[in-house]
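Right, one structure below, let's go through it.
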2 protein chains.
Amino acid sequence: MAGRAAVPEVIWARPERTGRGPKPAFTRADIAAAAVRIADAQGLDAVSMRHVAAELGCGTMSLYNYVPRKEDLYELMVDAASGEHELWEPTGDWRADMLHVAHQTRELMHRHPWMPRLMSGVYGFSPNALRYLEHCLACLDPLDAPSGTKVELIAMLNGCVTVYVSNELATAERARSLPWSQEQETAVRIAYLGSQVASGAYPRLAASFMEDAGPIDLEAVFQRMLGRVLDGFDPGPRPGPRPGPR
Amino acid sequence: MAGRAAVPEVIWARPERTGRGPKPAFTRADIAAAAVRIADAQGLDAVSMRHVAAELGCGTMSLYNYVPRKEDLYELMVDAASGEHELWEPTGDWRADMLHVAHQTRELMHRHPWMPRLMSGVYGFSPNALRYLEHCLACLDPLDAPSGTKVELIAMLNGCVTVYVSNELATAERARSLPWSQEQETAVRIAYLGSQVASGAYPRLAASFMEDAGPIDLEAVFQRMLGRVLDGFDPGPRPGPRPGPR
DNA sequence: GCGCACTACGTACGGTGTACGTAACTAGGA
DNA sequence: TCCTAGTTACGTACACCGTACGTAGTGCGC
């Protein structure tokens with residue numbers, strides 16, 4: 001009806017190759033790999049159309065033949081990283097399988113620290129995302145629940161892993177990007193928090209800081225979180241609130 | 001020792017006013033309010049130093065007297081929005097109180113759709129964040145658990161709410177920003193997903209789509225998620241996996 | 001009253017996404 | 001077989017971004 005609209009679709013809906021004209025010099029996989037390489041090495045902010053084009057060895061505007069908008073470049077990156085999930089034959093123990101999935105996701109995000117930031121802005125149904133979803137559903141076959149509930153489980157687990165790693169990375173990043181030494185920064189931080197807490201306005205917070213001084217075991221916290229998520233879907237006998245060592 | 005370092009601290013650690021020189025024309029609250037106004041009306045990407053300065057009626061570079069880096073502007077925005085949390089006298093029912101907190105957070109994020117995106121890049125201990133934390137801890141007084149566990153509960157609840165709303169907003173945004181009509185977009189989407197699913201590579205996904213066709217009740221899904229999070233911390237009698245209507 | 005720390009702000013630089021125009025190329029239909 | 005339409009390639013240009021830097025004016029503390 002109206003004149004042709006300007007590339008609004010999800011990139012996965014447009015074919016990679018249409019058949020007419022000269023052969024494309026790159027595949028989407030090439031482009032995604034280049035962008036991922038840059039993001040891993042120099043951070044997400046270094047991923048610009050110019051940079052990626054340079055990495056590929058082509059002119060900036062040539063990239064737009066493959067990737068209509070930068071947003072779509074992100075889509076390619078997330079899909080490429082999602083492709084790194086190793087999928088296995090489900091063991092029959094859905095709990096163990098989902099724990100394994102979650103740990104793998106965490107490792108993947110540590111390997112590609114830009115992933116959490118991109119996850120929320122992305123379509124979510126890229127080819128590799130579908131494959132991943134299907135695999136999770138296969139792992140959940142032994143769980144007696146409606147498929148809607150299973151999808152909710154997967155979404156919740158992924159969401160929790162994403163925010164958890166996001167916090168992990170933010171903390172690490174803040175520590176790394178300092179022109180000061182770690183000690184000085186920590187000192188400033190403690191001085192600020194201490195002054196706030198010591199004001200008496202936050203008694204419970206103060207008590208909590210006192211009680212939990214010292215480094216925390218990120219691994220254990222992660223594990224506990226996963227256990228609690230899965231407990232919410234487990235129809236088996238209740239293991240209690242799993243108080244744990246802390 | 002080394003020459004003076006360049007403003008690396010968290011903004012909350014530096015005093016708003018030092019006492020010397022002319023009176024500042026604005027407070028941090030003014031600046032935060034201006035930035036929030038812009039972000040609410042035109043989206044987060046419209047929040048630039050130039051825009052905010054114009055909104056305040058001052059030169060661009062004057063802003064840098066108050067806000068050393070743009071990142072700190074984000075910090076101010078999140079703190080300002082966090083200040084919109086209404087805090088109440090805990091009722092003694094920690095479960096109900098935390099549910100209330102979560103619903104309030106969701107509404108707040110719907111009011112300020114840029115919040116989820118900023119939450120993960122922010123220090124997390126701004127004045128209003130501390131007040132909010134203290135309030136949550138107060139609500140959790142009746143819960144018999146170590147304070148570390150309580151903090152984990154709060155973090156997990158906030159995290160889940162954040163990703164949930166994030167997904168809600170992404171979906172809504174995608175629907176809104178289309179140059180096409182909603183129907184056309186949905187058609188394209190279904191055509192793509194259908195073609196993938198019909199390929200037979202994703203049998204469980206296909207079954208799930210068949211089973212769960214039709215619009216989903218976001219409210220109910222949210223509610224269920226909250227229940228499951230809180231269940232993971234509830235030492236009371238087990239209510240079962242709360243199958244719900246779906 | 002003096003000096004200095006602070007506010008205010010214009011200019012400028014190097015970066016960004018991308019609209020647009022042009023030239024070369026190749027596959028399909030006549 | 002040739003023609004032509006659709007693609008690829010890519011340089012130029014524009015508007016906008018964060019912010020380093022320099023300069024001028026202001027008012028508190030000594």
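Residues in region B:52-61 that are within 25 Å of the chain's Cα centre (by Cα) and open to solvent by 80 Å² or more (accessible area, probe 1.4 Å): B:55 alone. Of the residues making up region B:221-236, those that are outside any helix (DSSP H, G or I) and either open to solvent by less than 10 Å² (accessible area, probe 1.4 Å) or not acidic (Asp, Glu) (or both) are B:232, B:233, B:235, B:236.
Does region A:47-57 contain at least one residue that is hydroxyl-bearing (Ser, Thr, Tyr) and not assigned by TED's automatic domain parsing to the domain that holds residue A:150? Yes, region A:47-57 contains at least one residue that is hydroxyl-bearing (Ser, Thr, Tyr) and not assigned by TED's automatic domain parsing to the domain that holds residue A:150.
Remark: residue B:151 falls outside the filter, which requires a residue to be open to solvent by less than 20 Å² (accessible area, probe 1.4 Å) and either within 23 Å of residue A:120 (Cβ to Cβ) or under 20 Å from the mean Cα position of the chain (by Cα) (or both). Screening residue A:50 on (1) more than 10 Å from DNA strand D (Cβ to nearest atom); (2) basic (Lys, Arg); (3) more than 30 Å from residue A:234 (Cβ to Cβ) shows it passes everything except condition (1).
Listed by first and then second residue, the pairs with beta-carbon distance under 6 Å, at least 6 apart or on different chains, first residue in region B:159-173 and more than 7 Å from chain A (Cβ to nearest Cβ), second modelled with pLDDT of 95 or more and not in a helix (DSSP H, G or I), are B:169/B:113. Among residues that are in a helix (DSSP H, G or I), open to solvent by 70 Å² or more (accessible area, probe 1.4 Å) and not aliphatic (A, V, I, L, M), residue B:71 is included.
Selection within region A:18-41: residues that are over 19 Å from residue A:84 (Cβ atoms) and more than 10 Å from DNA strand C (Cβ to nearest atom). The member of this set that is surrounded by the most Cβ atoms within 10 Å (Cβ to Cβ) is A:26. Yes or no: residue B:183 modelled with pLDDT under 70 and assigned to a helix (DSSP H, G or I)? Spelling it out, residue B:183 is indeed modelled with pLDDT under 70 and assigned to a helix (DSSP H, G or I).
Scanning region A:115-143 for residues that are in a loop (DSSP other than H, G, I, E, B), on the phi < 0 side of the Ramachandran plot and either at pLDDT 95 or above or at the interface with another protein chain (Cβ under 9 Å from one of its Cβ atoms) (or both) returns A:120, A:121, A:122, A:123, A:125, A:140, A:141, A:142, A:143.
The values are calculated or read from the model by the stated rules, or taken from the named source; none is laboratory data. Given the structure is predicted, the values throughout are model-derived calculations rather than measurements. A quick note on method: Cβ atoms are made from the backbone with ideal geometry, for glycine too, and the neighbour counts reach across all protein chains shown. Calculation scope for accessible area: heavy atoms of the full protein, side chains included, ligands and nucleic acids excluded. Shrake-Rupley method; radii C 1.70, N 1.55, O 1.52, S 1.80 Å.
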